[in-house]
Structures are given as C-alpha cells and as structure tokens.
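Report on the structure given below.
The values are calculated or read from the model by the stated rules, or taken from the named source; none is laboratory data. Computed from a prediction, not measured in an experiment: that's the story for all the values here. All Cβ positions, glycine included, derive from the backbone under ideal geometry; neighbour counts span all protein chains shown.
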Amino acid sequence: MPATADQVLITDVLLRDGLQNEPVVVPTTDKLRLAYGLLNAGLTSLEVGSFVHPEKVPQMADTGLLMERLRPGESVSLHALVLNERGARRAVEAGVRDVRLTVSASDGHSLANAGVPRDAALARLDPAVELLTAAGARLEATIATAFICPFDGGTDPATVVEVARRLAAFGIRVLHLADTIGAAGPLHIRRTVAAVREALPDLPLGLHLHNTYGMAPANVWEALRLGVRRFDAALGGIGGCPFAPGAAGNLGTDDLVNLCHHAGIATGIDVGRLTAVREELRILLGHRLDSALSAVSAAPLPLGLAAATADMTG
Ligand code: ZN
C-alpha cells in the first residue's frame, strides 16, 4: 500500500535489523515462515537481509537464498542492504529488485560498520550503483547515525544534507534517516527532517527508529506531524546494530501499527494476524520481546478503541 496523507507505509526490518543482532542464526526456513506471516498480516514492504561479509554478520549469509525463495508478487517490496560493489554484485546475482544503499553520516560509525570513513564509504557506492542501475534495481538509501553517533556524538544536520545530496544523485526513490542507537528526540527529528527537506524537497523521506530511551513513539508522532509517512520497524521491537554500542531494539512494528490506528492513520495491517506472527517469533527466539504490546498481548483493547481500530485496518 502506498504512503499517503492518511496512511503510512511500514517496512518491517525484523529479518535484517532484528535478526542480525540475535546470538543465534535463524534457519532460512524459519525466516521464510516469518516473512510470509508478515506478508499475510498485510505488510507490503520487508527488509529481508543485507549483502555484507558473511563472516562479519553470519546471520545475513542466506540473504541471496531468501531473495530467491521469496516470490511475493509485484505489489510487495523486498529490500536488501548493500554497502559496496561486492554486495551489489551478489544482489544482482540473486535477482534483487529493491536495494537500500546504506552509509553512515558519521566517520566513527562508518569505520565500525563499513571499515572506512564516510567519504570512502560513499565512494564505494559509485561502482555499486553502476551495477545495480544497469540491472534495473530500484534504489532507496538509508543514512545511519543521522541524528547521533555512539562514537562521534551529535550529527550536524548540514552533514546529513551533504550525504543526502550524494545519495540523491544516485537516483534513489526514498531516503531513510536512521536513529541507529535510538538516542534522538523530537527536536532532532524536526531539525534534521527540515534541513533535508529544504535541500531536497522532492525526495520522499522515511524514518528508521530505535527505542533505546523509549522515545521512538514520540519521534513517530513528531514525524507524522511533519508529514512523514514512511517508517521502518521490527516486529516485537527486537534488533540493534552489532557495530553500534548501546543500541537497543527497533521501534516495534506492532507498537507502530497500534499508534497509527489510534491516530486514525491506516496501515493496511491486520493486528490479529500480526500478533500471531509475533508469538511465533517469541517461541522461535526463546526470549521475551521488547515491544510494549508484546507484554500485554493477552489484554483486550478498551471497548470503542477496538472497534475504531478494526475500522481503520481495512
Ligand atoms: Zn536499525
């Protein structure tokens, strides 16, 4: 479903951001079951993995296989992260249609995540984009540490704008700003979204939020007020970045859907089906999940709210 004024487009990043931070490697068949569960619940956009070095992030080694096995139809977008030419080559070989280029705004996180400072990481994207464009891939991009870096501190919005301009020149369709360690607040969101919008008014923006300090719902609210209608979230609120100390889980997809429905904004997602997938995930991982709803899933919604929610999920 598209992002419009009264509906949001949620990309569930459970299979990438969520599972990359788990100590166990989830088997491909289980990932496939989770992916189909999310699609059956109404998700139309999933981030399923990343083409990074399999020894560095073994949880993502089967991204190509997942992409080949998942055949969800034209209306669904399955994204994979690409950081460099080698990753782009693997993505093309796997027939990936939707690619998210990823670069950090800060040198500290870029060194930890990509092994090189930011500008070198951006330069690595040149040959990657050439390959991907030639193969007809649809490109989006994510700027990590767009608000705060665990190594370098606050990120200057002017720096984010500079990186955004470089990425926009690649012909990306959407730019996602990531609060990689979940340390941003509404002021950060307002300031940086305004700066990027002023520089690149035609480029649709999305937010990728973590909930380390419980600020993700407030940040969503601020972003909704600003007109942002694209959000990343991970079912159950699991996740984190193995190369960003202090990062806690993502904003929960279940919590985000709940927030949107209570705000009168449609998501196209069936809450009951989503809850069933979350329960499957909890059993699979063998530990409690972090989303607020995962702790209260047995409790019914107050009367009236339940009816309103049902009306808006269609
Ligand atoms: Zn993340």
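Note on region 17-61: among residues that are at pLDDT below 95 and charged (D, E, K, R), the one that is nearest to His210 (Cα to Cα) is Asp17.
Residue by residue, here is whether (1) of a type in the set (Val, Ile, Thr); (2) at negative phi; (3) in contact with a strand residue (DSSP E or B) (Cβ under 6 Å, 6 or more places away or on another chain) holds:
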{"position": "Val57", "(1), (2), (3)": "yes, yes, no"}
{"position": "Pro72", "(1), (2), (3)": "no, yes, no"}
{"position": "Ser75", "(1), (2), (3)": "no, yes, no"}
{"position": "Ala105", "(1), (2), (3)": "no, yes, yes"}
{"position": "Leu125", "(1), (2), (3)": "no, yes, yes"}
{"position": "Ile143", "(1), (2), (3)": "yes, yes, yes"}
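Residues that are modelled with pLDDT of 95 or more, surrounded by 19 or more Cβ atoms within 10 Å (Cβ to Cβ) and small (Gly, Ala, Ser) within region 78-116 comprise Ala80, Gly87, Ala88, Ala91, Ser104, Ala105, Ser106, Ser110, listed in sequence order.
Are any of the residues in region 201-211 at pLDDT 95 or above and part of a helix (DSSP H, G or I)? The answer is no, given that none of the residues of region 201-211 is at pLDDT 95 or above and part of a helix (DSSP H, G or I). Note on region 119-134: residues that are closer than 24 Å to Leu78 by Cα and either without any contact (Cβ under 8 Å) to a residue 12 or more places away in the chain or surrounded by fewer than 16 Cβ atoms within 10 Å (Cβ to Cβ) (or both) total 5.
For region 42-82, the set of residues classified as acidic (Asp, Glu) and more than 19 Å from the chain's Cα centre (by Cα) consists of Glu55, Glu68, Glu74, listed by residue number. So which residues in region 45-59 are part of a loop (DSSP other than H, G, I, E, B) and without any contact (Cβ under 8 Å) to a residue 60 or more places away in the chain? Of everything in region 45-59, those that are part of a loop (DSSP other than H, G, I, E, B) and without any contact (Cβ under 8 Å) to a residue 60 or more places away in the chain turn out to be Phe51, Val52, His53, Pro54, Glu55, Lys56.
Would you check if Leu259 is within 13 Å of the ligand (Cβ to nearest atom), at pLDDT 95 or above and buried (at least 21 other Cβ atoms within 10 Å of the Cβ)? Considered against the rule, which asks whether it is within 13 Å of the ligand (Cβ to nearest atom), at pLDDT 95 or above and buried (at least 21 other Cβ atoms within 10 Å of the Cβ), Leu259 comes out as no. For region 84-117, filtering for residues that are closer than 25 Å to Asp179 by Cα, touching a residue at least 24 places away in the same chain (Cβ under 8 Å), assigned to a loop (DSSP other than H, G, I, E, B) and not hydrophobic (A, V, I, L, M, F, W, C) leaves 2. Inside region 173-188, residues that are within 12 Å of the ligand (Cβ to nearest atom) and not in a loop (DSSP other than H, G, I, E, B) make up a count of 4.
Determine if region 139-157 includes at least one residue that is crowded, with 16+ Cβ neighbours inside 10 Å and in a helix (DSSP H, G or I). There is at least one residue in region 139-157 that is crowded, with 16+ Cβ neighbours inside 10 Å and in a helix (DSSP H, G or I).
Summed over region 206-240, the residues that are in contact with a Lys or Arg (Cβ under 8 Å, 6 or more places away or on another chain) and within 15 Å of the ligand (Cβ to nearest atom) give a count of 4. For Asp62, the test of being touching a residue at least 12 places away in the same chain (Cβ under 8 Å), in contact with a strand residue (DSSP E or B) (Cβ under 6 Å, 6 or more places away or on another chain), crowded, with 16+ Cβ neighbours inside 10 Å and not small (Gly, Ala, Ser) is failed. Just so you know, in region 8-26 the residues that are closer than 16 Å to Arg278 by Cβ and surrounded by fewer than 24 Cβ atoms within 10 Å (Cβ to Cβ) include one that is nearest to the ligand (Cβ to nearest atom), and it is Glu22. Answer with yes or no whether Glu74 is at pLDDT below 95, out of contact with any helix residue (DSSP H, G or I) (no Cβ under 8 Å at 6 or more places or on another chain) and assigned to a loop (DSSP other than H, G, I, E, B). Against the criterion (at pLDDT below 95, out of contact with any helix residue (DSSP H, G or I) (no Cβ under 8 Å at 6 or more places or on another chain) and assigned to a loop (DSSP other than H, G, I, E, B)), Glu74 qualifies.
Here is the figure for region 135-194: residues that are acidic (Asp, Glu) and touching a residue at least 24 places away in the same chain (Cβ under 8 Å) total 3. Of the listed requirements (1) within 16 Å of the ligand (Cβ to nearest atom); (2) modelled with pLDDT of 95 or more, Arg273 misses just one: (1).
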